[in-house]
Amino acid sequence: MTRLEASSVVVRRNGRNIVDLVSAKGQAGDFIALIGANGAGKSTLLSVLAGLLKPDSGQVTLDGRTLTEYRGTELAKRRAFLPQNPRCEWPISVERLVALGLTPSLPAIGTFPEDFRAKVNATLTAFDLEAHRDQPATTLSGGELARAMLARALVGDPHILIADEPVAGLDPRHTLDTVRRLRHLAGEGKLIIISLHDLTLAARFSTRILAMKAGRLIADGPTAETMTSGLLRDVFDVDACVSGTGDTALVDFSAGS
Amino acid sequence: MLGCVAISSYLTSLTVGIAVLCGAAISAFAQSPIPRRVMTLNMCADQLVLDLLPPERITSVTYISHIASDENLAHLAGRVGINYGMAEEVFAQSPDLVIGGDFSAPATQAILKRAGYPLYEMASAEKFEAIREQTLFVGRLLGAETRAQELVAEMEVDLADLARTRPARPISVVAWDGSGIAPGKGTLFNEILNVAGGINLAAEQSDAYMVALDMEELLVTNPDILAYGADLAMPSLRHEPLKHPAIQQRYGDRQIAYPEEQYVCGGPQSSRVARDLRAAMLAVLAEARPR
Amino acid sequence: MKSGPLVILVLTLLLVLLFFISLFSGRVWLPPGDVLRSFASGNDELAAIIVHELRLPRAVLAVLVGASLGVAGAVLQGFTRNPLAEPGLLGVATGASLGAVISIYFGFTSVFALATPLAGLLGALAATALTFALGWGGGSLALILAGVAVSGLTAALISLSLNLAPNANAAYEIMTWIMGSLADRSWDHVWLVTPFIVVGVIAMASTARALDALSLGETQAQSLGIHLTRTRLIILLGTATAVGAATSVTGAIGFIGLVAPHLIRPWVGHQPSRILLPAALAGAVLLLGADIATRLIRFGPELKLGVFTSLLGTPFFFWLVVKLRKTSP
């Protein structure tokens with residue numbers, strides 16, 4: 001049973017707490033949407049949760065052990081991380097891009113093991129990337145690349161996926177496709193934590209909402225109860241109207257704010 | 001007119017214009033009284049002037065002679081002033097005559113010429129014939145004919161001696177130090193070597209003044225002796241190739257280090273340099289394993 | 001994936017071929033029969049000396065140095081994800097030259113034989129460390145700029161040490177030395193640099209997985225368990241060790257490290273780890289080929305190897321810049 005827990009996390013930059021005493025928990029099956037205005041500290045918090053950034057105080061534990069106790073590859077096998085707008089810097093094939101997700105499990109030297117090849121093939125199929133297998137990743141469209149990156153993150157079958165705005169820049173169809181996949185993964189027992197600006201998506205698909213404002217966590221709870229117009233006014237300083245729940249939820253901003 | 005001959009023997013493509021200028025310069029010197037205070041801007045001139053004149057008639061010589069590793073030269077230079085080839089030094093020391101040279105302080109010499117300063121540009125002498133003429137000419141110019149004749153006479157004695165005791169078979173030599181270039185035809189080294197009873201194989205191979213010769217070519221050229229110009233006190237990269245096993249194997253006991261700075265300026269002392277070279281060659285051949 | 005082994009095979013064959021050609025090429029023509037017979041006969045014949053003591057160590061050195069330049073270029077390009085990165089650009093080569101110059105002209109070489117390669121290594125290490133420190137966290141552009149700045153600094157320091165050197169001819173000598181050459185090197189040089197090159201190349205090659213992961217950028221690489229600081233340190237030490245030692249024996253040889261990875265990249269699907277071995281082979285092929293060319297092209301003295309590689313490499317650099325200008329936004 002995967003349990004990720006942040007307690008009293010503080011990250012200081014230039015004398016300012018950009019993450020200010022944040023405590024939160026997540027466990028297998030949660031699909032957590034992290035919302036907040038630009039500059040609220042979402043990306044920093046995600047980096048801390050992923051173990052990429054050491055907090056100035058406080059700690060993050062995975063199954064009771066602090067992240068710093070984990071060896072790099074050990075942690076990497078259990079959680080995958082996707083930064084905002086992940087890019088591929090060399091024109092390597094999609095197949096190899098996806099295979100990079102297995103890096104933490106690879107032996108230090110030698111060729112690519114045969115059973116890993118099967119995992120890559122299965123993932124390529126699962127993410128509809130068969131047709132692009134040999135295509136240089138740098139020539140993929142935005143939606144295809146996002147899918148390939150997601151496949152890269154999940155090929156190693158991690159317990160936790162943390163992604164920073166995984167749908168930024170995607171068209172509606174690819175956005176929906178991505179978020180559905182994530183919810184499906186949560187349904188399979190993974191812990192998914194993503195930051196999102198599309199509040200309707202957050203309302204429809206996430207199971208829990210974390211809301212940040214100026215480095216502080218100002219809301220943490222099940223989506224249906226937490227996503228209210230009151231919260232959104234607090235978080236974004238705009239009047240918003242939240243209607244419906246679940247798959248029909250809709251978040252709309254009033255014109256005259 | 002001897003100076004003019006010396007200069008033209010060096011500058012093989014002497015133009016009419018330069019010849020006229022040269023003649024004019026000589027006639028100007030011929031009319032002027034004997035210079036009392038002489039300054040030299042060229043290391044070859046340093047040596048000749050120090051040999052010809054008493055120290056009180058020399059205002060300064062170049063710093064190079066002051067730090068020369070040839071102790072005799074450094075000692076003579078130490079008794080007169082020092083200069084770094086600057087025009088300002090010339091004006092400050094105000095000599096009656098400045099002696100420059102082919103490559104020394106060209107900017108300074110140009111300024112002196114423009115200012116109409118009494119300047120004699122001494123050509124480098126790379127043959128004993130030219131050395132003889134140049135020594136006598138400069139002796140006359142400085143009013144030291146007798147001393148010049150003495151110097152030439154000493155040189156002739158050495159040369160006659162070397163000719164008389166010449167080895168039956170010439171000793172073949174290449175001056176090689178790993179820079180890949182060896183002195184060839186027309187160089188002072190070539191002249192001194194010939195007088196010393198050697199034959200320069202680099203000059204046999206090519207008509208070039210400096211002959212390109214790498215290690216493979218050196219090995220194939222196969223001289224009796226490998227001579228390398230040396231200033232062994234100084235750490236240098238040039239002698240690295242001499243440590244090469246291939247060179248050690250063939251020339252470990254057949255190499256001589258010759259004092260390079262004595263092969264830069266041809267002068268009356270060059271006959272002594274040839275005598276030293278002869279002695280060094282014979283000494284090495286006496287010790288070397290026969291081929 | 002399919003063409004990778006083929007590329008390695010072709011390059012290996014080419015290398016073997018060039019190696020043999022290099023034994024037959026020199027400013028002195030030795031009949032092929034004599035060259036071959038020299039391997040059977042004793043060591044006293046002239047042909048045997050020329051082949052065994054001059055051409056053979058020279059060819060071996062060309063392979064070693066070319067391979068380390070090729071790997072170093074591939075690793076640095078992979079790490080910075082900048083196709084213009086190469087040992088020369090990051091100050092490795094000028095740093096090594098500085099170390100070697102100090103060792104040569106202040107007489108350390110005469111104290112013990114390893115002084116010059118060690119000084120070259122230290123110089124390379126210091127210069128590279130400075131480059132990496134200056135360019136830290138600023139992305140690969142900052143790293144390249146830092147390399148340019150450090151190269152400028154080390155060049156100035158080389159001039160300064162020549163200025164202060166006790167030998168008046170030092171400036172001329174070192175000018176020629178820095179041009180880079182394999183001429184007249186011996187087995188002693190081979191034994192001197194081999195341990196450093198082996199250690200350096202192994203260190204660089206050990207970062208292969210990290211280089212692959214870095215295709216996804218530093219954040220994702222880190223998330224995949226890659227220790228960025230450690231990787232940076234290994235690359236720093238590995239390049240400085242291999243290239244530093246090589247430079248201290250051969251002088252600066254430019255552009256091999258830049259060109260070799262580029263020639264290989266399209267054939268192995270651009271994956272950084274797959275470039276390393278072929279880039280080593282390509283570096284060796286290029287350097288050995290260039291060295292043969294310097295021996296066969298004759299204008300007076302032997303053409304300096306570094307001059308030749310630069311003459312051939314610079315147009316390539318121009319082409320690369322033009323290409324980058326087209327592809328970058």
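Just one residue in the set C:56, C:130, C:84, C:76 is farther than 14 Å from residue C:247 by Cα and not in a helix (DSSP H, G or I); that residue is C:84. Are any of the residues in the range B:179-200 surrounded by fewer than 17 Cβ atoms within 10 Å (Cβ to Cβ), under 29 Å from residue C:51 (Cβ atoms) and among the hydroxyl-bearing types (Ser, Thr, Tyr)? No, because not a single residue in the range B:179-200 is surrounded by fewer than 17 Cβ atoms within 10 Å (Cβ to Cβ), under 29 Å from residue C:51 (Cβ atoms) and among the hydroxyl-bearing types (Ser, Thr, Tyr). I want to confirm something. Restricting to the range A:169-189 and keeping residues that are open to solvent by 40 Å² or more (accessible area, probe 1.4 Å) and touching a residue at least 60 places away in the same chain (Cβ under 8 Å), which single residue is farthest from residue A:78 (Cα to Cα)? Only one residue tops the list, namely A:169. Considering only the range B:98-114, state which residues are touching an Asp or Glu at 6+ places or on another chain (Cβ under 8 Å) and more than 20 Å from residue B:81 (Cβ to Cβ). Residue satisfying the conditions is B:102 alone.
Determine whether residue B:140 is surrounded by 20 or more Cβ atoms within 10 Å (Cβ to Cβ) and not in a loop (DSSP other than H, G, I, E, B). Answer is no for this residue.
Against the test of being more than 27 Å from residue C:53 (Cα to Cα), touching a residue at least 40 places away in the same chain (Cβ under 8 Å) and within 14 Å of another protein chain (Cβ to nearest Cβ), the options C:157, C:182, C:192, C:162 yield a single qualifying residue, C:162.
With respect to the conditions (1) in contact (Cβ under 8 Å) with a residue 12 or more places away in the chain; (2) surrounded by fewer than 24 Cβ atoms within 10 Å (Cβ to Cβ); (3) within 29 Å of residue B:240 (Cβ to Cβ), residue C:198 lacks only one, and its number is (1). Only helices (runs of 4 or more DSSP H) whose full extent lies in the range C:228-329 are considered here, and none of them has at least 2 residues that are in contact with a strand residue (DSSP E or B) (Cβ under 6 Å, 6 or more places away or on another chain) and under 21 Å from residue C:209 (Cα atoms). Does residue C:282 satisfy the criteria of being away from every other protein chain (no Cβ under 12 Å) and surrounded by 24 or more Cβ atoms within 10 Å (Cβ to Cβ)? In short, yes. Would a scan of the range C:104-113 turn up a residue that is on the phi > 0 side of the Ramachandran plot, surrounded by fewer than 20 Cβ atoms within 10 Å (Cβ to Cβ) and not hydrophobic (A, V, I, L, M, F, W, C)? For the range C:104-113, residues on the phi > 0 side of the Ramachandran plot, surrounded by fewer than 20 Cβ atoms within 10 Å (Cβ to Cβ) and not hydrophobic (A, V, I, L, M, F, W, C): present. Residue count for the range A:92-126, restricted to those that are out of contact with any helix residue (DSSP H, G or I) (no Cβ under 8 Å at 6 or more places or on another chain), part of a loop (DSSP other than H, G, I, E, B) and not polar (S, T, N, Q): 3.
For the range C:201-221, the set of residues classified as surrounded by 24 or more Cβ atoms within 10 Å (Cβ to Cβ), facing chain A (nearest Cβ under 7 Å) and part of a helix (DSSP H, G or I) consists of C:212, C:213, C:220, listed by residue number.
Being in a loop (DSSP other than H, G, I, E, B), under 15 Å from the mean Cα position of the chain (by Cα) and within 17 Å of residue A:217 (Cα to Cα) is a condition met by no residue of the range A:3-20.
Taken over the range B:102-135, the criterion of being within 16 Å of the chain's Cα centre (by Cα) and either modelled with pLDDT under 85 or assigned to a helix (DSSP H, G or I) (or both) is satisfied by B:102, B:103, B:104, B:128, B:129, B:130, B:131, B:132, B:133, B:134, B:135. Taking the criterion of being part of a helix (DSSP H, G or I), more than 15 Å from the chain's Cα centre (by Cα) and more than 14 Å from chain C (Cβ to nearest Cβ), the only residue of the range A:39-76 that qualifies is A:69.
Results for (1) within 14 Å of chain C (Cβ to nearest Cβ); (2) over 21 Å from the mean Cα position of the chain (by Cα), shown as yes or no for each residue.
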site	(1), (2)
B:186	no, no
B:197	no, no
B:211	yes, no
B:219	yes, yes
B:250	yes, yes
B:264	yes, no
B:273	no, no
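Restricting the range A:83-100 to residues that are more than 7 Å from chain C (Cβ to nearest Cβ) and open to solvent by 10 Å² or more (accessible area, probe 1.4 Å), the residue that is nearest to the chain's Cα centre (by Cα) is A:84. Filtering A:234, A:220, A:247, A:198 for residues that are over 15 Å from the mean Cα position of the chain (by Cα) and either closer than 11 Å to residue A:33 by Cα or surrounded by 19 or more Cβ atoms within 10 Å (Cβ to Cβ) (or both) leaves a single hit, A:220.
Go through the residues of the range C:35-58 one by one and say whether even a single one is crowded, with 18+ Cβ neighbours inside 10 Å and either away from chain B (no Cβ under 14 Å) or of a type in the set (Asp, Glu) (or both). Yes - at least one qualifying residue is present in the range C:35-58.
The values are calculated or read from the model by the stated rules, or taken from the named source; none is laboratory data. Note that the structure is predicted; figures quoted are calculated from it, not measured. Quick reminder, even Gly has a Cβ in these numbers, built from the backbone with ideal geometry, and neighbours come from all protein chains shown. Just so you know, the surface numbers come from the protein's heavy atoms only, side chains and all, with ligands and any DNA or RNA stripped out. Shrake-Rupley method; radii C 1.70, N 1.55, O 1.52, S 1.80 Å.
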